[in-house]
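The values are calculated or read from the model by the stated rules, or taken from the named source; none is laboratory data. Note that the structure is a prediction, hence the values are computed from the model and not measured. All Cβ positions, glycine included, derive from the backbone under ideal geometry; neighbour counts span all protein chains shown. Quick note on the areas: whole protein, heavy atoms, side chains included, nothing else; ligands and nucleic acids left out. Shrake-Rupley method; radii C 1.70, N 1.55, O 1.52, S 1.80 Å.
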Amino acid sequence: MVLYISIVIILAFVLWGALAPNKLADSATSLFDFSINNFGWFFLISTFGILLFAFYLAFSKYGRIKLGKDEDEPEYSTATWFAMLFSAGMGIGLVFWGVSEPLSHFLSPPEGASVASIEAARLAMRYSFFHWGVHPWAIYTIISLALAYFQFRKGKRGLISAVFSPILGKISEGWVGGVIDTLAIIATVFGVATSLGLGALQINGGLNHMFGISISPFVQVVIIAVVTVLFLLSATTGLDKGIRILSNTNLIIAVLLMTFVFVVGPTSFILDLFTSTLGGYLQNIVYMSLRMTPFTQGTWVGVWTLFYWAWWIAWGPFVGTFIARVSKGRTIKEFVLGVLLIPSLFSFVWFSVFGGTGLHLELFDHYPIAAAAEKDVTSALFLTLEQLPMGGIIAFIATLLIITFFVTSADSATFVLGMLSTKGNPNPSNKVKIVWGVLQSSIAIVLLISGGLSGLQTASIVAALPFAIIIIGMCVSLIVSLRQEERTMRSREQSRMKKIDELLMGRES
């Protein structure tokens, strides 16, 4: 029933967008305004709380517990594991926003800084770190940790609803569990569709820069259609072939591209920028985590931070389910610190290299990248690469990287949606994966036609609000189960020690 109900709801949305795109855009905007105006505080507090909870689990007495049986070992090497979770969790977004986000903040800075000032540049980098750092990965960490723990250690199905068994009991297997899984599927579809839409926009920008192909909804629809065929071909090859190979390829291309820009770009400036921005980020992380603007009624937090938090939450069930699937055999401490810190550090380096190069060109070489990006956000990356040696070749490689990230994210999403909609089946059928692949691409097309980038952002926030409540429930359920396990282990240890004492006393007598 979860499969059929989810498909009906999403098909209805697709038809609504196809037949009345303007009405869809107006309704989504109204829901967006309602969510931001009334629940912005909730997004900030809950996300910060999830981050604190993740660190608590890593360094608590539960950190030694394995996600699986005590004798289980990790299924994938650390390098492959990192590549798979990174490709699923960040891929397209990093390439899309790596240059354009710092430059956007530079022209429209937070905290009342002067436009295009040195302080604006400093804040631009700090908030880019903030939006792509430990907060999003904390959301992914908690969801994937809960799923992996209940699936591999407790023998439950790989479903969001199964995590609630300690606090809901048998109800989690009935209609309440069905509602939870349906909400997880809807959040996943909208979150992934947002990423696919961004990927189509960025690919279109690359083709326009290199070959003069016009930037238009028609071209973006064609791009989505072509890439849909590619990721469906990959999806039918299974987890250990398609996704694993693509993930490793993505990471290699991304590292090579980043290394090239670092070497031929303003290297010393990038290193100085990384160091100072990391310091500012760590120093101000609590303030940024809870920053609202009740007195000035500013919109910056809603447009940027709340959009990101909603996007990460909407991506949560997809990335969480996928990371859980490939993380069997790791301890809670190893898992939390690995998922939380390694991808965050990579994001910091990425923004320092690409965003730093863009800001250097803007501030010191007086190349107007920021103004161009303000008109077309997809152009920032390619205008930056154009100023470097072999800029045309590097732009082509960047476009190729976006395509492979697109394919990997969509491939992973069809796999996860297949699991969520077929009672946690760890190997869903190709038929189910193809259905979800077509549907999520259709959602991306509808959002692009009805509202472009604004429509993509709006859909994420609206879809994320109910699932944020579910994540908090997952935290409660996880800690309840961990405490129960700790008490059971302590009781067994006491019984074992008692038997040893009895044996020793018997020998002495």
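Data table
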read-out	value
Near pairs, Cβ below 9 angstrom, 6+ apart or cross-chain, from region 487-505 (on the phi < 0 side of the Ramachandran plot) to any residue that is open to solvent by less than 100 Å² (accessible area, probe 1.4 Å) and of a type in the set (V, I, T)	M489/I65
Complete set of residues in region 325-356 that are at pLDDT 90 or above, within 19 Å of L57 (Cβ to Cβ) and not in a loop (DSSP other than H, G, I, E, B)	T331, I332, K333, E334, F335, V336, L337, G338, V339, L340, L341, S344
Evaluation of S100 against (1) closer than 23 Å to F55 by Cβ; (2) among the polar types (S, T, N, Q); (3) open to solvent by less than 10 Å² (accessible area, probe 1.4 Å) (one fails), failing number	(1)
Sole exception among (1) surrounded by fewer than 19 Cβ atoms within 10 Å (Cβ to Cβ); (2) assigned to a helix (DSSP H, G or I) for G155, by number	(2)
Residues of region 1-52 classified as outside any helix (DSSP H, G or I) and either closer than 19 Å to L183 by Cα or open to solvent by 40 Å² or more (accessible area, probe 1.4 Å) (or both), total	1
Matching residues in region 122-152 - criterion: being open to solvent by 10 Å² or more (accessible area, probe 1.4 Å) and closer than 24 Å to G358 by Cβ	R122, R126, V134
Index of the failed condition, E374 passing every other in (1) within 12 Å of M210 (Cβ to Cβ); (2) in contact with a Leu (Cβ under 9 Å, 6 or more places away or on another chain)	(1)
Number of the condition not met by T293 [criteria: (1) in contact with a Ser or Thr (Cβ under 9 Å, 6 or more places away or on another chain); (2) at pLDDT below 95; (3) open to solvent by 10 Å² or more (accessible area, probe 1.4 Å); (4) in a helix (DSSP H, G or I)]	(4)
Single unsatisfied condition, I342 versus (1) open to solvent by 30 Å² or more (accessible area, probe 1.4 Å); (2) touching a residue at least 40 places away in the same chain (Cβ under 8 Å); (3) farther than 23 Å from P136 by Cβ	(3)
Only listed residue being open to solvent by 10 Å² or more (accessible area, probe 1.4 Å) and at pLDDT below 80, chosen from L439, L448, L400	L448
Answer residue from region 164-181, given it is farther than 17 Å from L417 by Cα and in contact with a helix residue (DSSP H, G or I) (Cβ under 6 Å, 6 or more places away or on another chain) and is surrounded by the most Cβ atoms within 10 Å (Cβ to Cβ) among those	F164
Residue among I185, I215, I203, I224 that is open to solvent by 40 Å² or more (accessible area, probe 1.4 Å) and touching a residue at least 40 places away in the same chain (Cβ under 8 Å)	I215
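A quick yes/no check of all residues on (1) aliphatic (A, V, I, L, M); (2) more than 19 Å from I252 (Cβ to Cβ):
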site	(1), (2)
T331	no, yes
T399	no, no
L417	yes, yes
T422	no, yes
